[in-house]
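Here's the structure, in structure tokens; my notes come after.
The values are calculated or read from the model by the stated rules, or taken from the named source; none is laboratory data. Here the structure is a predicted model, which is why all the values come from computation and not from measurement. Note: ideal-geometry Cβ built from the backbone for every residue, glycine included; neighbour counts use all protein chains shown. All accessible areas refer to the heavy atoms of the entire protein, side chains included, with ligands and DNA or RNA removed. Shrake-Rupley method; radii C 1.70, N 1.55, O 1.52, S 1.80 Å.
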Amino acid sequence: MESFFPVLSDFDDKIDALEDDILKAPNEEQLGVLFDMKRKLMDMRKVVTPQRDMMASINAGVTDLPGMTDEATRYFRDLYDHLIRMSDLIDSYRDLLSSVMDTHLSTVSNRLNVVMKQLAIIATVFLPLSFLTGFFGQNFGYLVNHVIGPTWTFWVLGIGTELIAVLLLFMLFKRRGWLGGPTV
């Protein structure tokens, strides 16, 4: 039974290292390692739990062993204590792995939210540009003959409104903190 404690200690070190790696840069490979470690813990639990229950019945006197001495009773009680400690460690490591998995999923979700925000900014910038380009790109007789006759009207109405729309959106994004400024 003593051989399980170094394995569990290595598990603790691996969990800590994996959690640090996940906080730096989460990836799919780490998720596979998490599931593999969880499966190994479950295998250990399947070995330790029946032995713990058997030792509990021996120590409680439910199962009678012939030739049981006081020294053997102390040995089985000590063995039972070790099994309890291992079982508790396995359960706590399983809970720790679950929290590391939650950390991984929330980190990936937060990065996805950042990407979605960036895509929303790009789409929002191009929405008024598409509208204005479509509006001025249509062949309206009145617009072509009366309003856009001189050259300056194209620059003021066509290009100017698009630049103003982009500038207003930029100021709005900056004010909301989407571009790194203070949040309002």
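Share of carbon and sulfur in the accessible area of the chain stands at 63%, probe radius 1.4 Å. Near ARG39, once Lys and Arg are set to +1 and Asp and Glu to -1 for all other residues with Cβ below 12 Å from its Cβ, the sum equals +3. Total lysine pairs in the chain at Cα distances under 15 Å, for residues eight or more apart or on different chains: 4.
Counting only protein heavy atoms and a 1.4 Å probe, the chain has 68 square angstrom of accessible area per residue.
Subtracting the Cα-Cα distance of PHE5 and GLU29 from 0.36 nm times their residue separation leaves 6.0 nm of extension gain.
Helix-only arithmetic for the chain: the sum of -39500 (n - 2.57) across DSSP H runs with n ≥ 4, divided by the residue total, places the mean residue ellipticity at 222 nm at -27500 deg cm²/dmol. The phi-based Karplus calculation (6.51 cos²θ - 1.76 cosθ + 1.60; θ = phi - 60°) puts the 3J(HN,Hα) values of the stretch 99-115 at 5, 5, 5, 4, 4, 4, 5, 6, 5, 5, 5, 5, 5, 5, 5, 5, 5 Hz, whole numbers, x for Gly and Pro. When the alpha carbon gyration tensor of the chain is reduced to an equivalent ellipsoid, its three semi-axes come out at 73, 14, 11 angstrom, largest first.
The stretch 70-133 gives an Rg/Rh value of 1.66, both radii derived from C-alpha positions and Rh following Kirkwood. The alpha carbon radius of gyration of the stretch 14-84, expressed as a multiple of 2.2 N^0.38 Å, is 1.74.
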